[in-house]
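Here is the structure we will look at, set down as structure tokens.
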Amino acid sequence: MKPTALLLLLPLALASFGLSAMAPQQPSSKQGWQQSQQTDTAREITYTHFTLVGKSSQGRPSLVLDCLPAKESYRGKGKILNANLLVGTPLKVEYVEPEEIHGTSYFRKVTVRYRTDEGKEEVDKWSLGSDKTSVAIPKEAMKKILRARSTEITAKDEHGSPVTMRFDAPNPASVGETCNVD
């Protein structure tokens, strides 16, 4: 290789090594729920965005929750807007026939097993996200998760292998208050 080409590539290589060494580390799940304020300009509301990073052998799953605080709600009580489980790996999709058929559409669901605070395991079908690596958590299931200090969730990846995720929330009460979980 010519010395001038080497001199041109050297700064590029050093910069890439420096950037990868300075990449921020993701927060551990021991820190609990992280929160930030978000604004939905279309609906003209400000809501609280919560994230809880979990542990899994296949990556860093996250529970993501958006809540409308009491001061933004017309009823004066907090409200869960939406809740999602970001798994990070493609999930096994099941097509479930709706109770009432209008055409040929089926619901895309993921079978999920979850257990809160070492309690009884529950099995449910949650709606698949558009990216096939996340699911929408029903509000009743999310309320159970918010009351717990630890939650274990298992779903199957696209090959049918189980993906087990664990979430630890040292102080779930603060999120429960904002989202009006009694």
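Laboratory data are not the source of any read-out in this text; all were calculated from the coordinates shown. Quantities reported herein were computed from a predicted structural model and do not represent experimental measurements. With ideal geometry, Cβ positions are generated from the backbone for all residues, glycine too; neighbour counts draw on all protein chains shown.
Quick notes
- As a proxy for reagent exposure, ranking F107, F167, F50 by other Cβ atoms within 10 Å from fewest up yields F107, F50, F167.
- Where labels lie 7 Å past Cα in the beta-carbon direction, separation of H159 and S73 in nm: 4.4
- Selection of GluC sites (Glu not before Pro), region 68-146, meeting DSSP coil and at most 15 other Cβ within 10 Å: E99, E100, E118, E121
- Residue pairs exceeding 18 angstrom between C-alpha atoms, taken from K55/K156; K92/K139; K79/K139; K77/K120: K92/K139; K77/K120.
- Computed over the alpha-carbon atoms, region 68-159 gives an Rg to Rh ratio of 1.03, Rh here being the Kirkwood radius from the mean inverse distance.
- Estimated FRET transfer efficiency (S174, E94; beta-carbon r; R0 41 Å; 0.05): 0.70
- Overall form of region 35-112 per C-alpha gyration tensor (a/c, 1.5; a/b vs b/c): oblate
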